[in-house]
Structures are given as C-alpha cells and as structure tokens.
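Each remark here refers to the structure printed beneath this line.
The values are calculated or read from the model by the stated rules, or taken from the named source; none is laboratory data. This is a predicted model, so every value here is computed, not measured. Cβ atoms come from the backbone with ideal geometry, glycine included; neighbour counts cover every protein chain shown.
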Amino acid sequence: MLHAILRGQAIFYVVTGLWPLVSLATFEAVTGPKVDDWLVHMVGLLAATIGVTLWVAARQRRPSGAVVLLGVLSAASFAAIDLRYALAGRISRIYLLDAAAEVALLLALAVAWRAHRRGA
C-alpha cells in the first residue's frame, strides 16, 4: 500500500510540476495569471524533483522513513500554501482542489506508514 501511494504522489508531483514548464499558457488558463514566471517554473521543478525522489523510493523493497517524511512534509506544505492563499483570495480557488488532494495524500501516507511499520 505504501509503495502505491508513493508512486501516485510521485506521478502527481511530476505531472503537475512539469505542466507549467511544458505550457505556461494552459497552466495559467486553469490556475490564473502569475506575476513571476521564473517562480512558477522553480516551484514546478521542485515538485517534479520531489516526485522523482518519491518514485525511486517507491521502487525500494522498504522505503525509508526519511522518504515518507519527504512525502508527508511536501503534501503538508502544498496544502498549507493552497489553503492560506486561496481562502484569502490571493490565488485562484482552484487551488482548493489541490489542497484536498494533498490532505488526502497526507491521510493515505499516515495510514500506509502505520501499516508498513507493523509489517503489513
């Protein structure tokens, strides 16, 4: 179960991270206009980097706690920023959908890590 969640999070982060690099116009059409393209690209590259790291970890027989922590803290960070700024009206409310996905990842990772630690 942990492997599947890490792979899912990896794919989600790589796809959404690379999206603004491949087509900033379509990214902005969905998420709203951005002021600093370089910052959008940097966050995208960081998300993709995290995704690749999670993918590599998911291929290991027993993913380390450090990698699971990376997944948890990344999801928590994205959710916190999405909620803070979408609810304040600074960014598009579409980011609330991302926040929901990030919270779902957090819950899934918590359940899967607990089962993983028990050897299930």
Subject >> Qualifying positions in the stretch 64-91 - polar (S, T, N, Q) and at pLDDT 95 or above >> reply: SER74, SER77
**OP:** Could you please find all residues in the stretch 85-110 being within 15 Å of PRO33 (Cβ to Cβ) and of a type in the set (Asp, Glu)?
**Re:** none
